[in-house]
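Below is one structure; the comments refer to it alone.
Read-outs throughout are calculated quantities, based only on the coordinates presented, and are distinct from any laboratory measurement. What you are looking at is a predicted structure, and each value in this text was computed from that prediction instead of being measured. Glycine gets a Cβ as well: all are built from the backbone with ideal geometry, and neighbour counts include every protein chain shown.
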Amino acid sequence: MRTPVIVVGVDGSAQSSAALRWALEESPRRGARVEAVLTYFHEPVFVPATSMGLHPYSERPQRHPAQELHANVQLARAAVPDAPDVTEVVEVGDAADHLVEASRHADLLVIGTRGHGRLAGAVLGGVAAKCLHRAECPVVVIPPNAVK
């Protein structure tokens, strides 16, 4: 028997943190495991030639998406009593595309929205709208006013 899967989009925003907490609270009711997905665009690195081997961008902090996701997951798990373990997935590319792809093996897709766009009278962001149109499983959208 296959264990149900709840996929959650995580981007570090308050809305995605609320979505992750919701999924953690919902997973025991469904007997499901939680999979947190963070996507990012890989920025090409250009380092101009410099004298003496100095790196001109050494002061710029490097982004570590896996660490960001892990920190977000740990904060959410700390806020939910008896929170289950979470599978952490980091992908490079478009968030909506990866979440739609993940919806193919999921029983539920959970996303937060900042509410920058409109779809059928509801205020939704671009990723939420794309997921609602293209996901292959039910989608739960945590609205901006649900963030505590």
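Miscellaneous remarks
- Directionally averaged projected area (convex hull, Cα atoms, segment 71-118), nm²: 4.9 nm²
- Between the beta carbons of Asp107 and Phe41, assuming R0 = 22 Å, the FRET efficiency works out to 0.20 to the nearest 0.05.
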